[in-house]
Amino acid sequence: MVTDASAGDELDLQKELEETVKSLREVTLMIEQSQGELSKLTQRNTAITTHLQQVHNQLATMTSQEVRTAYDSALDAQQRLFVMRGQLEKLQSERNHLERFKSTLERARVSLGAGGASLSSPTGGKSPLASVEMLVNAQETERQRLSRQMHDGPAQALSNFILQTEIAMRLMDVDVAQARDELNSLKSSAMSTFQKVRNFIFELRPMMLDDLGLVPTVRRYSDAFKEQTGLDVNITVTGNERRLEPYLEVMLFRAIQELLGNAARHSQGTLVKVMLDLGDDRVRVSVDDNGKGFDPDSVQQGNSLGLKLIRERAEMLGGSFEMDSVLGKGTRILFAVPSRS
């Protein structure tokens, strides 16, 4: 006998599956279009590379401006090709994510159709499928963010370095002064990219979190975050400053990292206050900003995976999560978890 709960779950699954299939078709079409554009750009890049070789063979008869124009055209063509390849990789990653999610939904539908239990938990909490979905989506979102950062940052910079080096080498025989300017520009770009790589590594996994613990890492991260975003970040630490369980330090740091990122991306504020209270049996974290605020109900019903995961993890650890925001009056996120040092 099919209960009302399981029938409702099956309808929800079917609707979610249809939306996923629709998104999968759209992404597949975008991939086909991007592949066509990539083919055109590849052909154009090949033609420009051939022209560049001709320029190299005729350096003695060409002006420095003509040489520079030829290399600028080659640089532009390679950058366009690089960007299109990155876009295609992102779309392919999104398609893989949708295909995995579609398979998960299909297995869940089969389970329900075979008389499986309702997806809702007996206690009325979040369903196991919803938790798995949230985790998968969060992982894919993070992977896409890392891929985008690598593509738009170090990878593109390295591509530019190669071309700038080639330009400088060619100019050495034509205009030494201009070649020197090109090398100085290359040095400045390399120093900037090196700093970006260091920041990128720190965001991935701050080594000092393992070596020194949560509090020094949060302070160091807030300083770097302030420099990068221009937001005024105030950190207040109270209670018994000490090392916590490694899993708890990671959870707390990632939560603060996510909340600071949300403030920078969405709040349009100028000040963020972070309070970290290390109580004897409970750790409390609050993050306040003076931004534009939002409707908490719309966030709870929307796709804010970061906030949902913080809530989920806090509650799984036996803690609590509160969100307070008013349009035009900023936002306050507060969560607490039991602590064992």
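The values are calculated or read from the model by the stated rules, or taken from the named source; none is laboratory data. Keep in mind that this is a model prediction, so the values were computed, not measured. Please note: Cβ atoms are built from the backbone with ideal geometry, for glycine as well, and neighbour counts cover all protein chains shown. SASA here: full protein model, heavy atoms, side chains in, ligands and nucleic acids out. Shrake-Rupley method; radii C 1.70, N 1.55, O 1.52, S 1.80 Å.
Figures for the structure shown
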read-out	value
Flag if residue 208 is at pLDDT 80 or above and in contact with a Lys or Arg (Cβ under 8 Å, 6 or more places away or on another chain)	yes
Answer from 283, 287 - the residue that is more than 15 Å from residue 215 (Cβ to Cβ), at pLDDT 95 or above and either β-branched (Val, Ile, Thr) or in a helix (DSSP H, G or I) (or both)	287
Pairs with Cβ under 6 Å, 6+ apart, first in segment 49-68 and under 13 Å from residue 166 (Cα atoms), second open to solvent by 100 Å² or more (accessible area, probe 1.4 Å) and part of a helix (DSSP H, G or I)	none
Subset of segment 298-318 [of a type in the set (S, T, N, Q) and either open to solvent by less than 60 Å² (accessible area, probe 1.4 Å) or modelled with pLDDT of 80 or more (or both)]	304
Selection status of residue 25, farther than 26 Å from residue 171 by Cα and of a type in the set (D, E, K, R)	yes
Some residue of segment 24-47 being closer than 23 Å to residue 160 by Cα, of a type outside the set (Asp, Glu), open to solvent by 50 Å² or more (accessible area, probe 1.4 Å) and touching a residue at least 60 places away in the same chain (Cβ under 8 Å)	no
Test: residue 194 is part of a helix (DSSP H, G or I) and open to solvent by 60 Å² or more (accessible area, probe 1.4 Å)	yes
Unique residue being buried (at least 16 other Cβ atoms within 10 Å of the Cβ), within 30 Å of residue 181 (Cβ to Cβ) and among the aromatic types (Phe, Trp, Tyr) when the list is 101, 82	82
Matching option when the condition is closer than 29 Å to residue 197 by Cβ and either surrounded by fewer than 18 Cβ atoms within 10 Å (Cβ to Cβ) or not charged (D, E, K, R) (or both), among 232, 295, 280	232
Lone unmet requirement of (1) open to solvent by 50 Å² or more (accessible area, probe 1.4 Å); (2) closer than 24 Å to residue 81 by Cα; (3) touching a Leu at 6+ places or on another chain (Cβ under 9 Å); (4) at pLDDT below 75 for residue 158	(3)
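Results for (1) open to solvent by 50 Å² or more (accessible area, probe 1.4 Å); (2) touching a Pro at 6+ places or on another chain (Cβ under 7 Å); (3) not basic (Lys, Arg), shown as yes or no for each residue.
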{"position": "243", "(1), (2), (3)": "yes, no, no"}
{"position": "259", "(1), (2), (3)": "no, no, yes"}
{"position": "262", "(1), (2), (3)": "no, no, yes"}
{"position": "267", "(1), (2), (3)": "no, no, yes"}
{"position": "270", "(1), (2), (3)": "yes, no, yes"}
{"position": "274", "(1), (2), (3)": "no, no, yes"}
{"position": "288", "(1), (2), (3)": "no, no, yes"}
{"position": "338", "(1), (2), (3)": "no, no, yes"}
